[in-house]
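I have placed the structure first, in the form of structure tokens, so that the comments after it can refer back to it.
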Amino acid sequence: MNITIGSDHGAVALKDEVKMVLKEYEDIKVTDVGTFGTESVDYPDIAEKVCADVTSGKADLGIVLCGTGIGISIAANKVKGIRCALCNDVYSAKKAREHNNANVLAMGGRVLGFGPAGEIVRAFVESSFEG
Ligand code: RB5
């Protein structure tokens, strides 16, 4: 499975943590589209890059991160073909895949601790659409 991940400056540390979590999965290849520092960037630009990989088929799933996850999830959901779910808990992440066929997960770097965020990511990538 290919996953493209991106964050604005509000969630760079969480992005690194999510990438560590995804290393647990031998069959997951991660592409990181940035940002890589603390300098301010516009989250819609990051959402656009991640979503382009998903809609083109380069990525099976996307993960978008910003301070709250709100802005970047709104931006992602403006892209045709994207179903982005902002999840702050494991149950929502599982149901976003199973019931909503979400293809992009959003989380907030200033909202979630690394532990809960890791569990949310695991639930998202381990669940699939039930039809
Ligand atoms: C950036 O400071 C912050 O506004 C952004 O990361 C995000 O939280 C917006 O929804």
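All of the numbers you see were taken from the coordinates with simple rules; none came from a lab. Because the structure is predicted, anything quoted here is derived from the model rather than measured. Backbone-built Cβ (ideal geometry, glycine too); neighbour counts: all protein chains shown.
Overview of results
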read-out: Length-normalised contact order for the chain - Cα pairs under 8 Å, 6+ apart - percent; value: 27 percent
read-out: Region 67-131 - percent relative contact order, Cα under 8 Å, separation 6 or more; value: 39 percent
read-out: Only Lys, Arg (+1) and Asp, Glu (-1) charged, at Cβ; the chain dipole about Cα centre in debye; value: 280 debye
read-out: For region 69-125: rounded, prolate or oblate by the Cα gyration tensor [a/c cutoff 1.5]; value: oblate
read-out: Prolate/oblate/rounded call for region 1-61, Cα gyration tensor, a/c under 1.5 rounded; value: oblate
read-out: Ratio Rg/Rh [Cα only; Rh per Kirkwood] for the chain; value: 0.92
